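Here is the structure we will look at.
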Amino acid sequence: MSRYVIRRLVIAVPALLGISIVLFTILALAPGDPFGELASNPNVPREVAQQLRAKFGLDDPIPLRYARWLTSMLRGDWGFSFVSRVNVDTLILQRLPTSLFVLGSAQILGLLVALPIGTYSALRPYSVFDQIATTLAFIGFSLPTFFTGLVFILVFSLWLDWLPFIYRADIAATGWRWWWEQARQAAMPVAVLGLFQGATLTRFVRSAVLDVIRLDYVNTARAKGLSESITVGKHVIRNALIPVVTLVALQIPGIFTGDVITEQIFRVPGIGSLLISSILANDTPVIMAITFVFSCLVVLFNLVADMLYGWLDPRIAYR
Amino acid sequence: MDEHALRALINDVKAGRLSRRAFVQTMVGLGVTAPLVAQMLASAGVASAQTRPENNPTKRGGGGLVKTLWWQAATLLNPHFATGTKDQDGSRIFYEPLACYDPEGNVFPILAADVPSVQNGLVSKDGLSVTWRLKKNVAWHDGKPFTADDVVFNWEYVMDPATAATTIGQYRDIKTIDKVDANTVKITFKQPTPFWSGPFCGPTGQIIPKHLFEAFKGGKSREAPTNLKPVGTGPYKFVDFKPGDMIRGEINPNYHVANRPFFDQIEMKGGGDAASAARAVIQTGEYDFAWNMQVADDILKRLEQGGKGKVDIAVAGNPEHIQCNQTDPWTEVDGERSSAKTKHPFLTDPAVRQALNLLVDRASIHEQIYGRLGQSTANFLNAPERVRSKNMKWEFNVDKANQVLDAAGWKRGSDGIRVKDGKKLKMVFQTSINPERQKTQQIIKQAAGKAGIDMELKSVVPSVFFSSDTANPDTYSHFYTDIQMYTTTMTQPDPQRFMDQFTSWEVASKDNKWQGRNIARWRSEEYDRVWKAAESEMDPVKRAAQFVKMNDLVIQNVIVVPVLWRMSVSAVSNRLKGTDASGWDSNFWHLAYWHREG
């Protein structure tokens with residue numbers, strides 16, 4: 001088992017290196033530069049932008065810049081943002097808790113919706129409930145989050161005036177009031193992301209349960225007189241959840257990227273909005289760091305999914 | 001209007017026969033900027049209008065929280081590193097300059113005890129030095145006194161090239177700064193400087209404390225902890241800063257203006273987009289103030305019907321204009337197109353440029369596209385008043401354009417496009433991608449078609465168009481097309497720097513990596529001469545006449561066609577008072593006086 005993990009990790013290294021080279025080259029070749037605004041300002045002499053470019057090493061050839069980035073990254077130095085002149089790791093750590101809170105809540109909401117609805121649909125396939133659930137699920141994952149986000153703002157903020165549409169990382173309140181404010185402002189972004197996740201997962205849970213429920217051992221369980229709730233709870237769901245758990249693990253990096261737009265709409269100061277503002281400002285070190293973290297997440301959660309699968313299903317062995 | 005007539009008018013103001021406001025309006029109509037007018041009056045000994053309408057609170061604080069929204073978030077809080085207004089505004093909550101520019105462009109003292117002038121002897125007659133008397137008993141937020149040493153230090157800090165300060169342009173014309181006493185500094189310039197309020201004033205003039213930055217001058221500038229935790233003299237003290245997201249401040253109990261500020265806390269939230277920021281202030285009232293409303297006017301009007309806030313329009317000097325390339329964009333010479341060694345095949349013909357000037361329907365563009373966000377104008381150098389120039393006139397007249405072209409020998413070909421000496425009047429018209437600009441392009445193309453000019457429209461992604469990438473041929477400074485349209489911003493109330501974009505030594509070329517500011521590549525000895533004369537002219541009246549002359553030269557020769565004079569627009573809650581937006585300074589220039597009513 002541990003040999004398998006080590007082997008997977010070793011294989012991940014060239015993959016990550018390749019990803020980083022591609023990312024770095026694309027960013028270096030992309031138009032725009034972080035000091036464009038300075039260049040068009042008549043009060044800033046043109047030497048200033050040139051000096052800054054030289055100081056931050058932007059005029060060096062791309063392979064040299066990549067080598068410099070890689071060596072400092074290996075030493076744990078993520079570089080600093082050209083725009084704010086703050087260390088990149090500080091910036092990311094500042095944003096991480098907010099992102100994790102929103103994403104975690106969204107994922108939990110998604111599961112809370114998907115599990116009961118998916119299972120119930122599978123137990124009574126093609127019933128009225130199943131038809132409605134299926135329709136809603138299709139609508140749910142067909143609508144992009146930026147659209148649902150705007151609809152939510154229109155309905156809950158502008159028409160009903162119930163919820164604020166600007167998210168604040170630090171609320172100036174304590175105790176119950178803080179929790180209340182936090183719940184109010186997180187409601188819309190979490191709902192947008194969570195329901196999107198939930199819609200996909202519902203379909204997946206339904207098909208997984210349908211696969212299992214037709215198997216012989218379920219019939220056996222019923223035949224020997226077990227109650228329906230025990231049959232479903234103990235024998236069906238547990239086995240049906242194996243692929244669902246791996247799916248959730250595989251989806252996690254995807255949620256991070258899907259979250260980018262939602263964060264922008266609701267002004268959630270998370271990783272996603274940091275990525276967007278850095279892209280707009282051509283702040284290469286920050287873009288590089290965040291996209292690289294995302295690629296690490298993909299590789300890591302692929303591994304986690306494989307591990308979970310083996311742990312849940314003893315028939316699978318690692319070699 | 002010549003120098004003599006101007007002097008007569010000023011005497012009228014002095015004697016009270018003409019109101020100050022009327023004089024300002026007349027001058028502005030002539031294309032003189034309001035700050036310059038203020039300067040003219042000040043030098044002639046007419047007191048400036050210092051009384052601003054405001055309430056008079058009897059105690060400091062008690063206003064609770066004021067929430068402001070910037071759709072581009074501040075990313076750093078050291079004013080000398082600021083890369084845009086968002087950073088300057090963020091820093092301005094905590095730091096202050098010696099003086100600010102009010103909406104009329106007057107110098108308004110903040111850390112200075114009074115405004116220097118030739119009359120009070122603080123500005124030398126030859127323009128070589130200015131003496132600032134600092135306000136006494138001003139303390140930094142950590143309790144240390146603010147003194148002349150801090151002022152001198154800021155100059156040294158900025159001038160160290162290793163600091164890489166973005167404000168260096170304001171300070172490099174200074175020869176020395178002498179500390180006269182603890183509360184007086186004397187700035188000596190390298191040459192006569194009529195615009196003596198360049199350094200230490202306005203958004204780029206914010207002063208940082210010597211005792212906290214002394215150890216971090218030059219190469220180590222990035223490491224200063226105070227870059228992110230400012231300690232200033234401003235109305236609010238630092239609480240918390242998350243780059244790219246939120247700035248929070250709390251009231252400075254020892255602020256140097258009595259009974260100010262009104263609010264106990266301030267928040268500057270960043271990110272998102274302009275339209276939803278407008279909603280948060282104008283429609284839902286979630287926020288009190290939002291910056292730079294780049295939103296279509298009809299949307300803003302609809303939001304205003306909700307009644308919780310309104311749009312606040314301040315005049316600035318930013319013209320949206322069309323530039324006529326004087327060089328040939330289609331021939332490559334020494335590795336560059338639009339080289340100064342070439343001549344444009346037809347835009348060098350004055351008749352063609354005259355015709356272009358007649359084909360821009362400025363009234364329609366103003367009314368149908370920009371609404372309150374701009375004014376149609378005939379001038380390149382505009383100023384903060386609604387009166388139009390009397391010197392320069394604009395008109396939209398297709399028939400006249402046709403006559404001009406006919407008279408110059410441009411004959412219509414079989415396809416309706418005019419030809420002369422085998423050259424066809426076909427031009428490529430580029431601008432950045434932006435809904436308003438594409439609509440404007442369409443309007444102009446249609447009119448040009450009626451006059452036998454064929455326009456091919458081109459639009460470039462803004463991040464490319466406005467970049468300084470030397471390898472990309474689509475930037476505005478490469479100008480590899482016949483005509484192009486964008487807005488140049490006037491970041492300073494004094495037009496000297498702004499008007500250098502038509503001087504011959506600023507021609508953009510491969511040699512200066514296309515960073516020269518003269519994009520149209522027009523060269524005129526007369527213009528150069530007038531510009532140079534204005535640079536060191538100490539008589540504000542003569543200087544004003546020189547700027548009028550520069551504007552008129554550019555407009556008469558149709559080097560540019562001004563399309564619209566753009567305003568600076570913010571959204572303000574109905575209950576928030578005293579914001580007093582100034583197009584010449586930071587949105588927070590008057591922050592200490594912000595208050596809430598009702």
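The values are calculated or read from the model by the stated rules, or taken from the named source; none is laboratory data. All values reported here derive from a predicted model rather than from experimental measurement. Using ideal geometry, Cβ is built from the backbone for each residue, glycine included, and neighbour counts are taken over all protein chains shown.
Structural remarks
- Residue in segment B:249-259 that is touching a residue at least 60 places away in the same chain (Cβ under 8 Å), within 11 Å of chain A (Cβ to nearest Cβ), in contact with a strand residue (DSSP E or B) (Cβ under 9 Å, 6 or more places away or on another chain) and under 13 Å from B:Phe94 (Cα atoms) present: no
- Restricting attention to segment B:521-557, the residues being surrounded by fewer than 20 Cβ atoms within 10 Å (Cβ to Cβ) and in contact with a strand residue (DSSP E or B) (Cβ under 8 Å, 6 or more places away or on another chain) number 1.
- B:Asn518 being at pLDDT below 90 and not hydroxyl-bearing (Ser, Thr, Tyr): no
- Condition met for A:Leu275 (at pLDDT 85 or above, part of a helix (DSSP H, G or I) and not polar (S, T, N, Q)): yes
- If you go through segment A:169-184 and keep only what is surrounded by 13 or more Cβ atoms within 10 Å (Cβ to Cβ) and either acidic (Asp, Glu) or without any contact (Cβ under 8 Å) to a residue 40 or more places away in the chain (or both), you end up with A:Asp170, A:Ile171, A:Ala172, A:Trp178, A:Glu181, A:Gln182, A:Arg184.
- The residues of segment B:228-250 that are aliphatic (A, V, I, L, M) and not in a loop (DSSP other than H, G, I, E, B), listed by number, are B:Val239, B:Met246, B:Ile247.
- Within segment B:322-342, at least one residue is touching a helix residue (DSSP H, G or I) at 6+ places or on another chain (Cβ under 8 Å) and either buried (at least 20 other Cβ atoms within 10 Å of the Cβ) or over 14 Å from B:Ile453 (Cβ atoms) (or both).
- Verdict on A:Phe165 being touching a residue at least 24 places away in the same chain (Cβ under 8 Å), over 20 Å from B:Gly271 (Cα atoms) and surrounded by 15 or more Cβ atoms within 10 Å (Cβ to Cβ): no
- Checked against (1) surrounded by 15 or more Cβ atoms within 10 Å (Cβ to Cβ); (2) within 14 Å of chain B (Cβ to nearest Cβ), A:Ser105 passes all but a single condition, namely (2).
- Selection from segment B:175-196 of residues that are over 25 Å from B:Val231 (Cβ atoms) and either of a type in the set (A, V, I, L, M) or within 14 Å of chain A (Cβ to nearest Cβ) (or both): B:Val180, B:Phe195
- In this entry, B:Asn391 is excluded by the filter for residues that are buried (at least 19 other Cβ atoms within 10 Å of the Cβ), under 29 Å from B:Val548 (Cβ atoms) and either over 31 Å from the mean Cα position of the chain (by Cα) or not acidic (Asp, Glu) (or both).
- Exactly one residue out of B:Ala148, B:Ala165 is away from every other protein chain (no Cβ under 11 Å), under 25 Å from B:Gln492 (Cβ atoms) and buried (at least 18 other Cβ atoms within 10 Å of the Cβ): that is B:Ala148.
- Any chance B:Phe200 is crowded, with 21+ Cβ neighbours inside 10 Å, in contact (Cβ under 8 Å) with a residue 24 or more places away in the chain and in contact with a strand residue (DSSP E or B) (Cβ under 8 Å, 6 or more places away or on another chain): yes
- Test: residue in segment A:11-20 that is under 30 Å from B:Lys229 (Cα atoms) and either within 14 Å of chain B (Cβ to nearest Cβ) or surrounded by 13 or more Cβ atoms within 10 Å (Cβ to Cβ) (or both): no
- A single member of B:Phe346, B:Phe380 is in contact with a helix residue (DSSP H, G or I) (Cβ under 6 Å, 6 or more places away or on another chain) and over 27 Å from B:Phe498 (Cβ atoms), and it is B:Phe346.
- Check on B:Ala182, of a type in the set (Gly, Ala, Ser) and either over 24 Å from the mean Cα position of the chain (by Cα) or more than 25 Å from B:Met538 (Cβ to Cβ) (or both): yes
- When the test is whether a residue is under 21 Å from A:Phe294 (Cα atoms) and more than 9 Å from chain B (Cβ to nearest Cβ), A:Leu70 passes it.
- Screening B:Ser573 with (1) surrounded by fewer than 20 Cβ atoms within 10 Å (Cβ to Cβ); (2) over 21 Å from the mean Cα position of the chain (by Cα) gives one miss only, at (1).
- Scan of segment B:273-315 for residues that are buried (at least 22 other Cβ atoms within 10 Å of the Cβ), in a helix (DSSP H, G or I) and of a type in the set (D, E, K, R), ordered by number: B:Arg279
- Per the listing A:Val86, A:Val113, the residue uniquely free of Cβ contacts under 8 Å to residues at least 40 places away in the same chain and either within 11 Å of chain B (Cβ to nearest Cβ) or within 25 Å of the chain's Cα centre (by Cα) (or both) is A:Val86.
- For B:Lys400, the conditions (1) of a type outside the set (S, T, N, Q); (2) in contact (Cβ under 8 Å) with a residue 60 or more places away in the chain; (3) touching a helix residue (DSSP H, G or I) at 6+ places or on another chain (Cβ under 7 Å) all hold with the exception of (2).
- Pick from segment B:463-500, criterion of a type in the set (S, T, N, Q) and facing chain A (nearest Cβ under 7 Å), ranking: nearest to B:Met427 (Cα to Cα): B:Asn472
- Conditions (1) within 14 Å of chain B (Cβ to nearest Cβ); (2) surrounded by fewer than 13 Cβ atoms within 10 Å (Cβ to Cβ); (3) out of contact with any helix residue (DSSP H, G or I) (no Cβ under 7 Å at 6 or more places or on another chain): number failed by A:Phe56: (2)
- Residue within segment A:261-281 that is surrounded by fewer than 20 Cβ atoms within 10 Å (Cβ to Cβ), within 30 Å of A:Asp170 (Cα to Cα), within 14 Å of chain B (Cβ to nearest Cβ) and under 14 Å from the mean Cα position of the chain (by Cα) present: yes
- Exclusive hit being touching a residue at least 24 places away in the same chain (Cβ under 8 Å), touching a Lys or Arg at 6+ places or on another chain (Cβ under 7 Å) and in a helix (DSSP H, G or I), set A:Leu297, A:Leu303, A:Leu308: A:Leu303
- Considering residues of segment A:116-168 that are among the small types (Gly, Ala, Ser) and within 30 Å of B:Gln305 (Cα to Cα) only, the residue nearest to the other protein chains (Cβ to nearest Cβ): A:Ser157
- Every condition in (1) under 19 Å from the mean Cα position of the chain (by Cα); (2) surrounded by fewer than 24 Cβ atoms within 10 Å (Cβ to Cβ); (3) under 18 Å from A:Ser277 (Cβ atoms) is met by B:Gly90 except one, and the failing one is (2).
- Yes/no for A:Pro253 being assigned to a loop (DSSP other than H, G, I, E, B), closer than 30 Å to B:Lys269 by Cα and in contact (Cβ under 8 Å) with a residue 12 or more places away in the chain: no
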